[in-house]
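First the structure, in the form of structure tokens, and then the observations on it.
The values are calculated or read from the model by the stated rules, or taken from the named source; none is laboratory data. What you see is a predicted model, and the numbers here were worked out from it, not measured in a lab. In this analysis, Cβ positions are derived from the backbone assuming ideal geometry, glycine residues included, and neighbour counts consider all displayed protein chains.
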Amino acid sequence: MDGNTLNRFTRILKVLWRKVKEYTYIKEDTDYEATVDFISKSVVFRGFNVWILFFAIIVASVGLNVNSTAVIIGAMLISPLMGPINGVGLAIGTFDEPLLRKSLKNLIFMVFISIVASTLYFLLSPISNARSELLARTQPTIFDVFIAFFGGLAGIVATSRKSQSITVISGVAIATALMPPLCTAGYGIATGQIWYFLGASYLFFINSFFIALATFITVRLLGFPEAQYVDERRSRKVKRIITIFTLIVLVPSIYLAVDVIREAAFNTQSQKFVNEIQDSEMLAETEIIKSDREYHHRSQSITLILLGKQLEEAQVLQLQNILHNEYGLKKTNLIIKQSSGKPIDTKQQNELIEDLIDKKDKTIRQQDSIIHELRRQLEENANTD
């Protein structure tokens, strides 16, 4: 590439960069005072806000209980939970100690009210089994992290505009899904299932942290003015305290988020492994009737229950090597459960048959759901025509 061509290419890049900055620049439309005032007011939690949250939690719990996504969405639209979380992010970004204390206090109070309300509902509810909407709120995934962070970014950017977009703010309240984990935590308490409570609480913490982090980053990038203190010494002390608090929360949260990312990668690779070996020649006369995955920080395992021709020890070792080397799951232990060459006992035979039936039933339910959805779409198209 000669000098003239390089100069021309550089000029084109500069023009493109100026255009990108022109179209993406948002500082000039930022209403600093109105944003701080709006978030400060949304942090307040007393009077009617307490009752709105209580009623919204009951509505969300009913939605989770009967597996109704529409009801859950409606409850999230009326929930005031986003206020204190945005308040934490704004307070840290502007070193506003009174706002930080008020936001944390009200957030803790909101969480307490939410768990009490959902626990009471599930104690009284005649439906006690966990449905899919409840089960989905017990374990955070990498997608929850993305939704919370980018949803939080959309929310604070929309809130900081001179003409606030209620549509965007409402959409963020739905997408970030703060209420369902709290309802599921209440379900865990009501039914005595501690892992439901811990998993749902963990999911709520991850969502809240990344929403607050998104608010903090946006506030700093947009150049929100820092809180003013009469005493310079007090100003330095407040900044030091808030910085230490931020680090205390940030370090374990990032660690937890990294673990969520690792678990997501493990689930993706392990599912890919199971799907691909089922179609391999090695398992041509053997069927995987059930597969289970277990992820722990220091160890992972994949358990396969096989029906058909028994695999030899060398084949099992080959599968283990494929798992470690081709799928990058070096710390994962592969457990193979299959019938031996001897006649299997009645109990083992029943277990294998039950697993096979469960697998086939699941496939049939998925196919029925797809057929039902296709029929609904055809009916809608017919009515439109």
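Here are some notes:
- A Cβ distance below 6 Å, combined with a sequence gap of six or more or placement on separate chains, defines the contacts here; from the stretch 50-75, residues that are surrounded by 14 or more Cβ atoms within 10 Å (Cβ to Cβ) reach residues that are of a type in the set (S, T, N, Q) and at pLDDT below 85 in the pairs Ala56/Ser79; Asn65/Ser125.
- Any chance Ser68 is in contact with a helix residue (DSSP H, G or I) (Cβ under 8 Å, 6 or more places away or on another chain) and farther than 20 Å from Ser103 by Cα: yes
- Counting only helices (runs of 4 or more DSSP H) that sit wholly inside the stretch 1-66, those with at least 1 residues that are at pLDDT below 80 and β-branched (Val, Ile, Thr) are 3-24, 48-66.
- Some residue of the stretch 244-258 being surrounded by 14 or more Cβ atoms within 10 Å (Cβ to Cβ), hydroxyl-bearing (Ser, Thr, Tyr) and not assigned by TED's automatic domain parsing to the domain that holds Leu99: yes
- Candidate set from the stretch 297-312 (those that are of a type outside the set (A, V, I, L, M) and outside any strand (DSSP E or B)); member that is surrounded by the fewest Cβ atoms within 10 Å (Cβ to Cβ): Arg298
- Those helices (runs of 4 or more DSSP H) of the stretch 68-184 in which 1 or more residues are assigned by TED's automatic domain parsing to the domain that holds Ile194 and modelled with pLDDT of 75 or more occupy 69-78, 82-94, 97-124, 142-159.
- The condition (being at pLDDT below 80, closer than 26 Å to Gly199 by Cβ and not β-branched (Val, Ile, Thr)) is satisfied by just one residue among Arg298, Arg293: Arg298.
- Taken over the stretch 48-70, residues that are closer than 16 Å to Gly186 by Cβ and among the β-branched types (Val, Ile, Thr) amount to 5.
- Candidates are the residues of the stretch 87-122 that are of a type in the set (S, T, N, Q) and touching a Phe, Trp or Tyr at 6+ places or on another chain (Cβ under 7 Å); the one that is surrounded by the most Cβ atoms within 10 Å (Cβ to Cβ) is Ser118.
- Of all the numbered requirements in (1) under 31 Å from the mean Cα position of the chain (by Cα); (2) exposed (fewer than 10 other Cβ atoms within 10 Å of the Cβ), Lys21 misses one, and that requirement is (1).
- Candidate set: the stretch 305-340, residues that are free of Cβ contacts under 8 Å to residues at least 40 places away in the same chain and among the aliphatic types (A, V, I, L, M); chosen: the one nearest to Gln278 (Cα to Cα): Leu306
- Qualifying residue in the stretch 78-86 (condition: surrounded by fewer than 19 Cβ atoms within 10 Å (Cβ to Cβ) and closer than 25 Å to Ala190 by Cα): yes
- Filter result for Glu294 (assigned to a helix (DSSP H, G or I) and either surrounded by 15 or more Cβ atoms within 10 Å (Cβ to Cβ) or of a type outside the set (Val, Ile, Thr) (or both)): no
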